[in-house]
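Enquirer: Mind looking over this structure? Questions follow.
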Amino acid sequence: MAKLFKNHINGKWKASASGEIFENVNPANCNEVVGRFQKSNAKDVNEAIAAAEAALPKWRATPAPKRGEILFKVAELLLKNKESLARDMTREMGKVITETRGDVQEAIDLTYYTAGEGRRLLGETVPSELKNKFCMSVRMPVGIVAAITPWNFPIAIPSWKLIPALICGNTVVIKPATDTPLSVVNFVKIFEQAGLPPGVLNLVTGSGTEVGTPMIEHDKVNLVSFTGSTDTGAVIASTCARNMKQYSLEMGGKNAIIVMDDADLDLAVEGVLFGAFGTTGQRCTACSRVIAHKKIVKKFTDLLVKRTRSLKLGDGLLAKTDIGPLINESQRTKVHNYVQIGKNEGAKLLIGGNYATGKGCKNGSFYQPTIFADVASKMRIAQEEIFGPVLCIIPCNSFEQAVEIVNDSKFGLSSAIYTRDVNRAFQAMETLDTGITYINASTIGAEIQLPFGGTKGTGNGHREAGTAALEIFSEWKSVYVDYSGKLQKAQIEHD
Ligand code: UN1
């Protein structure tokens, strides 16, 4: 029988109060159970939050450079265990091993970068308007953080939340997606090995309703940090607003690449291919729309379809595999439904459009890389996030029209343009309404030292990673030190 994994509460590995478990299955082979996990409930959540509350005073009083030292050890251990972490991740999530190595690497990069913040956490010193008075701002922890993380980046995205939360002196309870609990169990073991004190980071596995809801409703939680679907994000936002909690949301995308008539077409094809079908299209940053200039749309499409035909589907642990499965059957059904919607809307299906059931794909949730041509911007397949290997090609007449089409979306995460015209490139940077814009590169592959997040319906204005993450996970305190020995009145003693 597959190995049983437990929750991590107050430094101890513990079974759920429910006495129930759930199984995690390899999406490339539904006969392989990767592990059995705790089907937790509100009792476990309460216990984890109580542990986080008890650990908070000591952790926030620990000097930030010392907190950083533990996190540097976390980075070293991630590096040391990179290969086994990546293999476990491919088994539970399906993406190819080169990408799961990249996922772990993203966490390593973020952890080294952010651990260094322990010796910065910069605030401001500013002059006072009065004599013998000193003004500064310092960063304070927010308190108890509830982190709810998705399955598409099972270690990288938890690292975006846990590492900045911890360096800022918060304590945390994390609920990983039910499709990828093993990667987060592995991650939490690393924190334990690195010497993080008990209760500072707690892990509770289980469903959104049984675990997520009591977490976001708990009155001791100060901040909810969430990456996932727009629907769940909306529930979190309204629940937190009602309870005066802080929240940070990173949700959908409908990312687009503009291919202009002066683009290096071979380069653009590779960028679109990587953006649309990498991670089987299951990235928030995935390219799901190409806006191609009418002068090159035919040539570009032919090249793209040809390259798409050469992609190999299969088990992500095999070196020859380009594309792994979708995360689960319900996601496969959803993707397939969108393909039917696209056909009904009158888009032209060029390649794919069905379950992949060939050699090496029989027992998994595989879907053929799919391309629609002649897509109109208002079609549902061009507006809604599909989260699968489905790409829409939308022809355009000009740069201005291309920008209009990219911006005709309720989301605003990532965008890209392929052009050799430097003026166009700068105009694109200025006018594309997204949190991230790439010039002559795909929509995916953000680096951790810059802010990550989007405009409009993608989020609530926050940015993760880089130093921007500190704005989420710390509160400003302004401090005034009056050393005049008398009552001084700001604003009033003006003349
Ligand atoms: C996501 O899909 O939610 O920029 C994260 C990228 C990765 C992170 C994606 N570094 O594609």
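The values are calculated or read from the model by the stated rules, or taken from the named source; none is laboratory data. None of the values given here were measured: they were computed from a predicted structure. Methodologically, a virtual Cβ is constructed for each residue, glycine included, from the backbone with ideal geometry; neighbour enumeration extends over all protein chains shown. For the accessible areas, the whole protein counts, side chains as well, though only heavy atoms, and no ligand, DNA or RNA atoms are used. Shrake-Rupley method; radii C 1.70, N 1.55, O 1.52, S 1.80 Å.
Enquirer: What's the number of the only condition in (1) of a type in the set (A, V, I, L, M, F, W, C); (2) open to solvent by 10 Å² or more (accessible area, probe 1.4 Å); (3) farther than 30 Å from GLY324 by Cα that ALA165 fails to meet?
Expert: Result: ALA165 passes all but (2).
Enquirer: Let me ask you something else. Looking at the structure I just gave you, is VAL185 closer than 30 Å to LYS306 by Cβ, among the β-branched types (Val, Ile, Thr) and away from the ligand (no atom under 16 Å from the Cβ)?
Expert: On the way: closer than 30 Å to LYS306 by Cβ: no; among the β-branched types (Val, Ile, Thr): yes; away from the ligand (no atom under 16 Å from the Cβ): yes.
Criteria not met by VAL185.
Table: residues versus (1) closer than 23 Å to ARG283 by Cβ; (2) open to solvent by 30 Å² or more (accessible area, probe 1.4 Å); (3) at pLDDT 95 or above.
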{"residue": "GLU20", "(1), (2), (3)": "no, yes, yes"}
{"residue": "VAL34", "(1), (2), (3)": "yes, no, yes"}
{"residue": "ASP44", "(1), (2), (3)": "no, no, yes"}
{"residue": "THR62", "(1), (2), (3)": "no, yes, yes"}
{"residue": "ARG67", "(1), (2), (3)": "no, no, yes"}
{"residue": "LEU77", "(1), (2), (3)": "no, no, yes"}
{"residue": "GLY94", "(1), (2), (3)": "yes, no, yes"}
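Enquirer: Could you check region 330-348 and list, in sequence order, the residues that are more than 17 Å from GLN383 (Cβ to Cβ) and either under 25 Å from the mean Cα position of the chain (by Cα) or surrounded by 15 or more Cβ atoms within 10 Å (Cβ to Cβ) (or both)?
Expert: Keep residues of region 330-348 that are more than 17 Å from GLN383 (Cβ to Cβ), which gives 330-333, 336, 348.
SER330, GLN331, ARG332, THR333, HIS336, listed by residue number.
Enquirer: Something else now. Is it true that some residue in region 119-139 is within 16 Å of the ligand (Cβ to nearest atom) and among the hydrophobic types (A, V, I, L, M, F, W, C)? Before you say what the answer is, go through the steps one by one.
Expert: First, pick out the residues of region 119-139 that are within 16 Å of the ligand (Cβ to nearest atom): none.
Within region 119-139, none of the residues are within 16 Å of the ligand (Cβ to nearest atom) and among the hydrophobic types (A, V, I, L, M, F, W, C).
Enquirer: Kindly indicate whether THR301 is of a type in the set (S, T, N, Q), in a loop (DSSP other than H, G, I, E, B) and either closer than 29 Å to ASP88 by Cβ or more than 16 Å from the ligand (Cβ to nearest atom) (or both).
Expert: On the way: of a type in the set (S, T, N, Q): yes; in a loop (DSSP other than H, G, I, E, B): no; either closer than 29 Å to ASP88 by Cβ or more than 16 Å from the ligand (Cβ to nearest atom) (or both): yes.
Considered against the rule, which asks whether it is of a type in the set (S, T, N, Q), in a loop (DSSP other than H, G, I, E, B) and either closer than 29 Å to ASP88 by Cβ or more than 16 Å from the ligand (Cβ to nearest atom) (or both), THR301 comes out as no.
Enquirer: Within region 168-182, work out how many residues are more than 16 Å from the ligand (Cβ to nearest atom), β-branched (Val, Ile, Thr) and touching a Phe, Trp or Tyr at 6+ places or on another chain (Cβ under 8 Å).
Expert: Summing the residues that are more than 16 Å from the ligand (Cβ to nearest atom), β-branched (Val, Ile, Thr) and touching a Phe, Trp or Tyr at 6+ places or on another chain (Cβ under 8 Å) in region 168-182 gives 2.
Enquirer: Looking only at region 25-67, count how many residues are of a type in the set (D, E, K, R) and touching a Phe, Trp or Tyr at 6+ places or on another chain (Cβ under 6 Å).
Expert: Count: 1.
Enquirer: State whether the residues of region 472-489 include one that is under 15 Å from GLU250 (Cα atoms) and open to solvent by 30 Å² or more (accessible area, probe 1.4 Å). It would help to see each step written out before you state the result.
Expert: Step one: list which residues in region 472-489 are under 15 Å from GLU250 (Cα atoms), which gives 472-473.
Restricting the remaining residues to those that are open to solvent by 30 Å² or more (accessible area, probe 1.4 Å) gives none.
There is no residue in region 472-489 that is under 15 Å from GLU250 (Cα atoms) and open to solvent by 30 Å² or more (accessible area, probe 1.4 Å).
Enquirer: How about region 427-441: which of its residues are within 23 Å of SER398 (Cβ to Cβ) and either within 11 Å of the ligand (Cβ to nearest atom) or open to solvent by 30 Å² or more (accessible area, probe 1.4 Å) (or both)?
Expert: GLN427, MET429, GLU430, THR431, ASP433, THR437, TYR438, ILE439, ASN440, ALA441
Enquirer: Sticking with this one: Tally up the residues in region 395-418 that are crowded, with 24+ Cβ neighbours inside 10 Å and more than 28 Å from THR230 (Cα to Cα), please.
Expert: Counting residues in region 395-418 that are crowded, with 24+ Cβ neighbours inside 10 Å and more than 28 Å from THR230 (Cα to Cα) gives 1.
Yes/no matrix, rows are residues, columns are (1) basic (Lys, Arg); (2) more than 15 Å from ILE155 (Cβ to Cβ); (3) outside the structural domain of TRP160 (by TED's automatic domain parsing):
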{"residue": "ALA15", "(1), (2), (3)": "no, yes, no"}
{"residue": "PRO27", "(1), (2), (3)": "no, yes, no"}
{"residue": "GLU32", "(1), (2), (3)": "no, yes, no"}
{"residue": "ARG36", "(1), (2), (3)": "yes, yes, no"}
{"residue": "ALA50", "(1), (2), (3)": "no, yes, no"}
{"residue": "LEU71", "(1), (2), (3)": "no, no, no"}
{"residue": "ILE108", "(1), (2), (3)": "no, no, no"}
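Enquirer: From ALA292, ALA276, ALA256, which residue is within 16 Å of the ligand (Cβ to nearest atom) and not in a helix (DSSP H, G or I)?
Expert: Details: ALA292 fails: within 16 Å of the ligand (Cβ to nearest atom); ALA276 fails: not in a helix (DSSP H, G or I).
Just one listed residue meets the conditions, ALA256.
Enquirer: With at pLDDT 95 or above, open to solvent by less than 10 Å² (accessible area, probe 1.4 Å) and part of a helix (DSSP H, G or I) as the only criterion, which of ASP88, ASP103 stands out? Break it down stepwise before answering.
Expert: Numbers: ASP88 fails: open to solvent by less than 10 Å² (accessible area, probe 1.4 Å).
Of the residues listed, the single one that is at pLDDT 95 or above, open to solvent by less than 10 Å² (accessible area, probe 1.4 Å) and part of a helix (DSSP H, G or I) is ASP103.
Enquirer: Which ones in region 160-204 are of a type in the set (Phe, Trp, Tyr) and out of contact with any strand residue (DSSP E or B) (no Cβ under 8 Å at 6 or more places or on another chain)?
Expert: The first filter runs over region 160-204 and keeps only residues of a type in the set (Phe, Trp, Tyr), leaving 160, 187, 191.
Correct list: PHE187 only.
Enquirer: Follow-up question, since we're still on this one. Under 22 Å from ILE448 (Cα atoms) and open to solvent by 10 Å² or more (accessible area, probe 1.4 Å): which single residue out of PRO158, PRO141, PRO127 fits that description? Even if it seems obvious, please write down each step before you answer.
Expert: On the way: PRO158 fails: open to solvent by 10 Å² or more (accessible area, probe 1.4 Å); PRO127 fails: under 22 Å from ILE448 (Cα atoms).
The match here is PRO141.
Enquirer: Considering each residue of region 442-477, count those that are away from the ligand (no atom under 16 Å from the Cβ) and either assigned to a helix (DSSP H, G or I) or in contact with a Cys (Cβ under 7 Å, 6 or more places away or on another chain) (or both), and give that number.
Expert: Total meeting the criteria: 4.
Enquirer: Right, another one. I'd like the full set of residues that are surrounded by fewer than 24 Cβ atoms within 10 Å (Cβ to Cβ) and among the polar types (S, T, N, Q), limited to region 198-224.
Expert: SER207, THR209, THR213, ASN222 - these are the residues of region 198-224 that are surrounded by fewer than 24 Cβ atoms within 10 Å (Cβ to Cβ) and among the polar types (S, T, N, Q).
Enquirer: Do we have any residue at all in region 329-350 that's outside the structural domain of MET379 (by TED's automatic domain parsing), more than 16 Å from the ligand (Cβ to nearest atom) and out of contact with any helix residue (DSSP H, G or I) (no Cβ under 6 Å at 6 or more places or on another chain)? Spell out the reasoning first.
Expert: If we filter region 329-350 for residues that are outside the structural domain of MET379 (by TED's automatic domain parsing), which is where we start, we get none.
No, the conditions are met nowhere in region 329-350.
For every residue, the table says whether it meets (1) of a type in the set (D, E, K, R); (2) modelled with pLDDT of 95 or more; (3) closer than 16 Å to THR443 by Cβ.
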position: THR230; (1), (2), (3): no, no, no
position: ALA234; (1), (2), (3): no, yes, no
position: ALA237; (1), (2), (3): no, yes, no
position: CYS240; (1), (2), (3): no, yes, no
position: ASN243; (1), (2), (3): no, no, no
position: GLY253; (1), (2), (3): no, yes, yes
position: VAL259; (1), (2), (3): no, yes, yes
position: ASP266; (1), (2), (3): yes, yes, no
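Enquirer: Oh, and also: If I filter region 214-225 for residues that are among the small types (Gly, Ala, Ser), within 16 Å of the ligand (Cβ to nearest atom) and touching a Leu at 6+ places or on another chain (Cβ under 7 Å), do I get at least one hit? Steps first, answer last, please.
Expert: So the first thing to find is which residues in region 214-225 are among the small types (Gly, Ala, Ser), and the list is 225.
Then drop every residue that is not within 16 Å of the ligand (Cβ to nearest atom), which leaves 225.
Still in the list and also touching a Leu at 6+ places or on another chain (Cβ under 7 Å): none.
Checked region 214-225: no residue is among the small types (Gly, Ala, Ser), within 16 Å of the ligand (Cβ to nearest atom) and touching a Leu at 6+ places or on another chain (Cβ under 7 Å).
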